[in-house]
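First the structure, in the form of structure tokens, and then the observations on it.
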Amino acid sequence: IDITLTDSPDRLIAAARIKEARGNRRSTRSFLFPQVNFSSSARREAISETSIDNFYDARFDASYEIDVFGKNKKNVEAAAAQIESLQASFDDVTITLIAEIMRSYIDYRAFQKQIQIAKKKPNRTRKNFNAFRAADISGNPAPGYSSGQAQDAITKILDETLPQGMDFEWTDLTY
């Protein structure tokens, strides 16, 4: 299970989407705070052969946008909701993978059990229908009877002889 969860492309994609949404939320959240910018530069310039001047420049800028109508806060809330949605998708992928692994494991164990039973009792074969014991009866109507009459007769016999709780069903080609 651990290997499948670690290497699943669907799960890796879902995790990457969550990471991207968290980055988007951080970026969106930054608009709730003051914006500060700082830049500087230095250069050297030769004015003449004997004179060199140094020039320095430093700039500082700060701004803050008051969120009067709540636009920035709503954008942050929307980004948070997006993360929750993507987390739910990630959880769905994880649960689906685990369920598929468990279903395969149960099928594998059931097949192993059938092999064990077949090895212990090789002369006995049993037919199953929807996980219940079944008998396969096939035939044709006797001369002079229609297939519908034969089907009615078999139905009557089965209704009278089958134990309570047992039932029958017509499958395949019945007409």
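The values are calculated or read from the model by the stated rules, or taken from the named source; none is laboratory data. Quick caveat, the model's predicted, so the values are computed rather than measured. Note that we place each Cβ from the backbone using ideal geometry, even for glycine, and neighbour counts take in every protein chain shown. When the accessible area is computed, the model is the full protein with side chains, heavy atoms only, and any ligands, DNA or RNA have been set aside. Shrake-Rupley method; radii C 1.70, N 1.55, O 1.52, S 1.80 Å.
Quick one: in segment 162-174, which of the residues that are of a type in the set (S, T, N, Q) and under 21 Å from ASN140 (Cα atoms) is modelled with the highest pLDDT? Explain how you work it out, then say what you get.
Restricting attention to segment 162-174, the residues satisfying the condition of being of a type in the set (S, T, N, Q) are 164, 171, 174.
Now restrict to residues that are under 21 Å from ASN140 (Cα atoms): 171, 174.
Numbers: THR171: 69, THR174: 62.
Looking at residues that are of a type in the set (S, T, N, Q) and under 21 Å from ASN140 (Cα atoms), I get THR171.
Output the residues belonging to segment 67-96 that are open to solvent by 80 Å² or more (accessible area, probe 1.4 Å), modelled with pLDDT of 90 or more and of a type in the set (A, V, I, L, M).
Result: ILE95, single match.
Would you call VAL36 touching an Asp or Glu at 6+ places or on another chain (Cβ under 9 Å) and outside any helix (DSSP H, G or I)? Please lay out each step first, then the result.
Values: touching an Asp or Glu at 6+ places or on another chain (Cβ under 9 Å): yes; outside any helix (DSSP H, G or I): yes.
It is true that VAL36 is touching an Asp or Glu at 6+ places or on another chain (Cβ under 9 Å) and outside any helix (DSSP H, G or I).
Select from segment 44-61 the residues that are in contact with a Phe, Trp or Tyr (Cβ under 8 Å, 6 or more places away or on another chain) and modelled with pLDDT under 90 and write down the one among them that is most open to solvent (accessible area, probe 1.4 Å).
ARG44
Please go through segment 1-14 and pick out each residue that is surrounded by 16 or more Cβ atoms within 10 Å (Cβ to Cβ) and part of a helix (DSSP H, G or I). First the steps, then the outcome.
Going residue by residue through segment 1-14, those that are surrounded by 16 or more Cβ atoms within 10 Å (Cβ to Cβ) are 8, 11, 14.
If the condition is that a residue be surrounded by 16 or more Cβ atoms within 10 Å (Cβ to Cβ) and part of a helix (DSSP H, G or I), then ARG11, ALA14 are the ones that fit.
Among (1) surrounded by 10 or more Cβ atoms within 10 Å (Cβ to Cβ); (2) modelled with pLDDT under 90; (3) out of contact with any helix residue (DSSP H, G or I) (no Cβ under 7 Å at 6 or more places or on another chain), where does ASN130 come up short?
(1)
Conditions first: (1) within 21 Å of the chain's Cα centre (by Cα); (2) open to solvent by 60 Å² or more (accessible area, probe 1.4 Å). TYR64 passes all but one, so which condition is the exception?
(1)
Name the residue, out of ILE117, ILE106, that is open to solvent by 60 Å² or more (accessible area, probe 1.4 Å), modelled with pLDDT of 85 or more, under 30 Å from ASP167 (Cβ atoms) and hydrophobic (A, V, I, L, M, F, W, C).
Values: ILE117 fails: modelled with pLDDT of 85 or more.
Only one candidate passes the filter, namely ILE106.
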